[in-house]
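Trainee: Once you've had a glance at the structure underneath, I'll fire off some questions.
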């Protein structure tokens with residue numbers, strides 16, 4: 001029996017306001033991760049342009065973020081309510097369409113990026129820009145840095161802030177949607193980069209010992225953060241967790257639904273294998289797997305993904321003017337030795353081309369179709385449902 005099958009489902013029936021048949025949809029997700037279902041598809045309507053799922057920099061804010069006092073409960077609640085309303089616009093469109101695709105309603109109380117990494121050290125300085133945020137580098141000198149204070153601490157201001165916004169989200173979610181706690185997108189190398197800054201890329205060559213020390217501590221800090229924030233929302237949903245990315249989906253057991261690693265885009269395959277891969281292996285082993293997401297231009301690491309262990313799926317993403325083609329899909333499948341994929345198509349023609357390619361390649365795919373309207377969405381779902389089991 002696989003790890004997915006071995007986990008008991010919760011006995012309470014699941015019906016959500018924004019997806020009354022959520023339990024049946026999650027069963028399809030579970031079947032896909034088990035390898036019993038070949039293709040799934042979620043629709044993301046073009047007319048619903050509230051924000052881009054993947055980039056926090058494109059998420060609209062009620063007003064410039066640098067003018068918001070996030071320590072003020074009233075201003076914070078106003079901001080989160082505005083964010084949640086953006087999701088509700090998407091979910092409302094899906095309810096109106098009544099198309100049986102494979103989305104589930106999942107909300108994440110995203111502010112920017114800084115809130116994800118502030119639980120690991122104090123003091124830190126948050127800088128807002130555009131519609132996201134970062135912390136200013138803290139480690140200017142490894143020798144003088146207080147290593148003993150680096151790590152997850154639930155009593156830090158940053159930890160208490162994440163707990164507050166995750167609890168707020170959970171209170172709003174009852175019988176309506178699933179919550180992805182903020183903090184689950186954290187990963188070791190991006191935490192190391194946040195605290196060391198761009199100097200980290202020089203350190204890979206000039207100071208490898210301290211890079212490994214920082215990566216070791218960052219890995220444990222991220223594991224502790226995720227475990228703690230998941231405990232804030234309590235029980236799993238039908239034996240797994242929801243993820244907001246790509247319209248909303250479910251992953252089994254303790255699997256991380258979206259594992260990004262921005263540093264990997266900017267290093268060689270050799271550097272990835274030496275400084276990042278060992279820590280992702282440990283991370284994935286702890287949680288039993290992950291859905292790994294990278295810009296599809298990160299070709300230098302494709303053939304390393306099998307070495308990570310427990311990569312349940314790979315999400316290659318368009319990067320600016322660089323768009324995934326059917327030939328890229330073939331290259332990815334060859335390089336990753338057939339790891340299942342999440343693929344996003346931005347036209348019916350592109351969806352048709354992708355569908356034909358993956359059928360020829362005999363690869364499992366969760367499609368995300370950015371459709372023009374309800375009629376095109378119906379055609380997209382029909383295409384994928386007829387593609388095979």
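Trainee: Being more than 23 Å from residue 185 (Cβ to Cβ), surrounded by 15 or more Cβ atoms within 10 Å (Cβ to Cβ) and at pLDDT below 90, is that true of even one residue in region 26-36?
Mentor: no
Trainee: In region 233-269, what residues are part of a helix (DSSP H, G or I) and more than 15 Å from the chain's Cα centre (by Cα)? Walk me through how you get there before you give the answer.
Mentor: The first filter runs over region 233-269 and keeps only residues part of a helix (DSSP H, G or I), leaving 233, 245-247, 262-266, 269.
If the condition is that a residue be part of a helix (DSSP H, G or I) and more than 15 Å from the chain's Cα centre (by Cα), then 233, 263, 264, 265, 266, 269 are the ones that fit.
Trainee: Name the residues in region 357-383 that are touching a residue at least 12 places away in the same chain (Cβ under 8 Å), closer than 27 Å to residue 299 by Cβ and in a helix (DSSP H, G or I), would you?
Mentor: Listed by number, the residues that qualify are 357, 358, 359, 361.
Trainee: Output the number of the condition that residue 280 fails; it satisfies all remaining conditions of (1) surrounded by fewer than 20 Cβ atoms within 10 Å (Cβ to Cβ); (2) closer than 23 Å to residue 217 by Cα; (3) modelled with pLDDT of 95 or more.
Mentor: Failing condition for residue 280: (1).
Trainee: Just one of the numbered conditions (1) modelled with pLDDT of 95 or more; (2) touching a helix residue (DSSP H, G or I) at 6+ places or on another chain (Cβ under 9 Å) is not true of residue 285; which one?
Mentor: Answer for residue 285: the failing condition is (2).
Trainee: Which ones in region 79-108 are in contact with a strand residue (DSSP E or B) (Cβ under 9 Å, 6 or more places away or on another chain) and free of Cβ contacts under 8 Å to residues at least 40 places away in the same chain?
Mentor: 83
Trainee: What is the one condition in (1) surrounded by 21 or more Cβ atoms within 10 Å (Cβ to Cβ); (2) over 27 Å from residue 290 (Cβ atoms) that residue 116 does not satisfy?
Mentor: Every condition holds for residue 116 apart from (2).
Trainee: Moving to a separate point now. Would region 210-218 turn up any residue that is surrounded by fewer than 19 Cβ atoms within 10 Å (Cβ to Cβ) and either free of Cβ contacts under 8 Å to residues at least 40 places away in the same chain or closer than 30 Å to residue 85 by Cβ (or both)?
Mentor: The answer is no, given that none of the residues of region 210-218 is surrounded by fewer than 19 Cβ atoms within 10 Å (Cβ to Cβ) and either free of Cβ contacts under 8 Å to residues at least 40 places away in the same chain or closer than 30 Å to residue 85 by Cβ (or both).
Trainee: In contact with a helix residue (DSSP H, G or I) (Cβ under 8 Å, 6 or more places away or on another chain), surrounded by 15 or more Cβ atoms within 10 Å (Cβ to Cβ), part of a strand (DSSP E or B) and in contact (Cβ under 8 Å) with a residue 60 or more places away in the chain - does that describe any residue in region 333-341?
Mentor: No, there is no match, as no residue in region 333-341 is in contact with a helix residue (DSSP H, G or I) (Cβ under 8 Å, 6 or more places away or on another chain), surrounded by 15 or more Cβ atoms within 10 Å (Cβ to Cβ), part of a strand (DSSP E or B) and in contact (Cβ under 8 Å) with a residue 60 or more places away in the chain.
Trainee: What's the number of the condition residue 158 fails, among (1) modelled with pLDDT under 95; (2) out of contact with any strand residue (DSSP E or B) (no Cβ under 8 Å at 6 or more places or on another chain)?
Mentor: That leaves (1) as the condition not met.
The values are calculated or read from the model by the stated rules, or taken from the named source; none is laboratory data. Treat the numbers as computed from the prediction; the structure is a model and nothing was measured. Cβ atoms come from the backbone with ideal geometry, glycine included; neighbour counts cover every protein chain shown.
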